[in-house]
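The values are calculated or read from the model by the stated rules, or taken from the named source; none is laboratory data. From a predicted model like this one, the values you see are computed outputs, not experimental measurements. Here the Cβ is made from the backbone with ideal geometry for all residues, glycine too, and neighbour counts use every protein chain on show.
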Amino acid sequence: MYLYQFRGPAGTEKSTSHLTGVMAGGARLAEHPWKARAARGRAGAEAMGTEGIFERMREDHRRVLERVAPLEAAMGQEGAWGRDARAEAELRDTLALMDRQFATHMAGEDEVLFPALLEALPEAKASIAPLSAEHAELRDMLERLKATLAEPDPGDRDEQLAVQLRDFIDLLRIHIRKEEAVVISVAERVLRPREVQALAARMPETPRSESGGGPR
């Protein structure tokens, strides 16, 4: 069983030990009897050249996790962002990347992927609703991080940033793991060609210059 703890906006700790149950639910959804629809969806996606959209989503996930790794390393260093211009530039650049990912990848999930899955599999609501709520929480966390970074340093800004980043990265990792287990693996099987095409159109390919870590 996976067990993580992270603090919510008000400082309360939330347990995500339900992750195992969510992932098990995803496995059950993946075995849904709509074999014919799944076959048609895969064939249609291949015909339109959109079969790579789900791998692109996984690549987006890998990219953002790679970009937050240096921030985690910097958290334990006193004055990491206040006195190190390069570290602060990397933080700003990573938050800007998150903004772009949330505006494309996350919005595509909210506007296309989740509704299409719910139409295909109404029983998936119990698994998808918490993911939608986490999208809202991650957006709020990102806005707080940007606001903290933009304010004059009152003397404890690095400490504030470290706490906010820890919460943000913890939730982001948990969310991505659930999403890949519950949503992407199921969507590959049940989405129809027009739904895959709409998802691909909503998620443009990330420029090569945004791959990898460090400021650009």
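Out of 93, 110, I need the residue that is assigned to a helix (DSSP H, G or I) and under 21 Å from residue 72 (Cβ atoms). Which one?
Values: 110 fails: under 21 Å from residue 72 (Cβ atoms).
Step by step, each of 93, 110 is checked, and only 93 is assigned to a helix (DSSP H, G or I) and under 21 Å from residue 72 (Cβ atoms).
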Discussion item. Could you check the stretch 123-163 and list, in sequence order, the residues that are in a loop (DSSP other than H, G, I, E, B) and touching a residue at least 40 places away in the same chain (Cβ under 8 Å)?
Written reply: 153
Worksheet entry | Odd one out for residue 127 among (1) at pLDDT 95 or above; (2) more than 24 Å from residue 99 (Cα to Cα) | (1)
Worksheet entry | Hits in the stretch 134-172 - residues which are surrounded by 16 or more Cβ atoms within 10 Å (Cβ to Cβ), farther than 18 Å from residue 69 by Cα and hydrophobic (A, V, I, L, M, F, W, C) | 149
Fill in: Single match in 203, 141 (criterion: at pLDDT below 95 and not acidic (Asp, Glu))
203
Worksheet item: Among 96, 129, 120, 103, which is the only one that is of a type in the set (A, V, I, L, M, F, W, C), surrounded by fewer than 16 Cβ atoms within 10 Å (Cβ to Cβ) and farther than 22 Å from residue 63 by Cα?
Response: 129
